[in-house]
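Data first, discussion second: the structure below is written as structure tokens.
The numbers here are math on the coordinates, done by the rules we state, and not lab data. Fair warning: this is a prediction, and the values are worked out from it, not measured in the lab. Neighbour counts are summed over all protein chains in view; Cβ atoms, including those assigned to glycine, are modelled from backbone coordinates with ideal geometry.
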């Protein structure tokens, strides 16, 4: 998949994420299939550092790499803490991260 199209399917989920109707398995499929997750990323080690982006306004300052890391943590954590991704979907965190991806990609011309 060309780099400029990598985030198209993810960004296309934004309306359903904001409406609260995006299925968890659909999000996971897009994140895995479109290689949103960074290669060789030690997400458990970064998770504590990433918490600062969960503070009010934090996601809105994230660059594309940070957004990819946040999505990785949210999706991978589900394997160890069942229900965590569903909670992040319901409280709008995933939608905020994907909205930020859309903004960064649009501004960068990816």
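What distance in nm separates the simple spin-label points at residue 35 and residue 16, each placed 7 Å from Cα in the Cβ direction?
2.4 nm
If the convex hull of the alpha-carbon atoms of the chain is projected onto planes in all directions, what is the mean projected area in square nanometres? Could you put the intermediate results ahead of the total?
Working: hull surface 25.9 nm².
Quarter of the Cα hull surface area: 6.5 nm².
Highest first, please rank the peptides 39-46, 7-14, 81-88 by the mean number of other Cβ atoms sitting within 10 Å of their residues.
Working: 39-46: 10.5, 7-14: 17.5, 81-88: 14.4.
Final packing ranking: 7-14, 81-88, 39-46.
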